[in-house]
Amino acid sequence: MSQMSRRCVPYTPFDRPLDRATIALVTAGGVHRRDQEPFNIADELGDLTFRTIGPEVEVADLMVTHHHYDHSDADRDINVVFPIERLRELAAEGVIGGVAKLHVGYMGYSMQLKQLYDQTAPAIAEEIDRGSRADAVILTGG
Amino acid sequence: MRGIPTVVITVSPDASRQMRPPRALYPRGFKIGNSLGRPGMADLQRRVLADALGLLTAPPAPGEIVERDYPEYGTDEA
């Protein structure tokens with residue numbers, strides 16, 4: 001961990017009113033659509049892939065595949081780790097400008113921290129930047 | 001290369017602190033698996049999410065984890 005702990009996450013200024021901002025969710029909590037390939041929890045090293053989730057997804061179509069936290073609450077109400085319905089409500093209320101076109105779930109437990117940092121994270125950032133055009137991202141674990 | 005503004009909602013503040021996140025909210029006492037609150041607590045979930053979003057327009061304090069209390073979350077029975 002000592003290599004990782006010497007890094008810090010760069011600060012990017014947020015330069016617009018919140019009610020004009022499009023927001024995306026990125027969760028490490030293993031959230032994906034039921035019709036997507038589940039995360040490979042049999043792989044001891046951890047699954048380095050991610051899934052993209054559209055903004056209009058029905059919460060009944062979402063599920064959690066993750067073996068390193070108790071996700072029984074998320075199984076009942078996905079919003080406790082992936083608050084997509086709450087985000088839609090905040091957009092309807094005008095608190096935020098809009099819900100981004102694309103959100104991301106990945107499985108954050110990994111023995112391959114360097115690969116997660118060097119490969120998965122930039123790939124998610126690219127997806128958010130190009131595919132989602134989000135102005136900001138809310139990150140959750142589980 | 002431009003960055004993307006982020007806010008992390010963390011229920012593992014000690015772990016998060018090591019990465020010096022640019023913006024972070026720790027809902028005090030929420031357990032892992034309950035980042036936004038408990039199932040069905042829509043008002044609470046919305047408030048936690050709104051508080052996290054509020055950090056986007058708050059004065060910059062990179063590396064700091066903002067802790068908030070949400071009494072309606074309650075406590076877990078032992």
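The values are calculated or read from the model by the stated rules, or taken from the named source; none is laboratory data. The shown structure was predicted, so the numbers you read here are calculated from the model rather than taken from an experiment. No Cβ is skipped: glycine too gets one built from the backbone with ideal geometry, and neighbour counts run over all protein chains shown.
Data overview
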{"read-out": "Criterion (among the acidic types (D, E) and under 25 Å from B:G3 (Cα atoms)) met by exactly one of A:E126, A:E58", "value": "A:E126"}
{"read-out": "Selection from the stretch B:1-29 of residues that are closer than 23 Å to A:L18 by Cβ and assigned to a loop (DSSP other than H, G, I, E, B)", "value": "B:R2, B:G3, B:I4, B:P5, B:T10, B:P21, B:P22, B:R23"}
{"read-out": "Within the stretch B:14-70, tally of residues that are buried (at least 19 other Cβ atoms within 10 Å of the Cβ), within 7 Å of another protein chain (Cβ to nearest Cβ) and either more than 24 Å from A:A91 (Cβ to Cβ) or touching a Phe, Trp or Tyr at 6+ places or on another chain (Cβ under 7 Å) (or both)", "value": "6"}
{"read-out": "Looking only at the stretch A:125-141, and only at residues there that are more than 10 Å from chain B (Cβ to nearest Cβ) and touching a residue at least 40 places away in the same chain (Cβ under 8 Å), the one that is nearest to A:V31 (Cα to Cα)", "value": "A:E127"}
{"read-out": "Residue under evaluation A:S132, criteria (1) at pLDDT below 95; (2) over 22 Å from B:G33 (Cα atoms); (3) out of contact with any strand residue (DSSP E or B) (no Cβ under 6 Å at 6 or more places or on another chain); (4) not acidic (D, E), criterion not met", "value": "(3)"}
{"read-out": "Scan of the stretch A:18-65 for residues that are touching a Phe, Trp or Tyr at 6+ places or on another chain (Cβ under 9 Å), surrounded by fewer than 21 Cβ atoms within 10 Å (Cβ to Cβ) and of a type in the set (D, E, K, R), ordered by number", "value": "A:R51"}
{"read-out": "Yes/no for B:G37 being in contact with a Leu (Cβ under 6 Å, 6 or more places away or on another chain) and either assigned to a helix (DSSP H, G or I) or in contact (Cβ under 8 Å) with a residue 12 or more places away in the chain (or both)", "value": "yes"}
{"read-out": "Extreme residue, surrounded by the most Cβ atoms within 10 Å (Cβ to Cβ), among residues of the stretch A:80-89 that are within 7 Å of chain B (Cβ to nearest Cβ) and touching a residue at least 24 places away in the same chain (Cβ under 8 Å)", "value": "A:V81"}
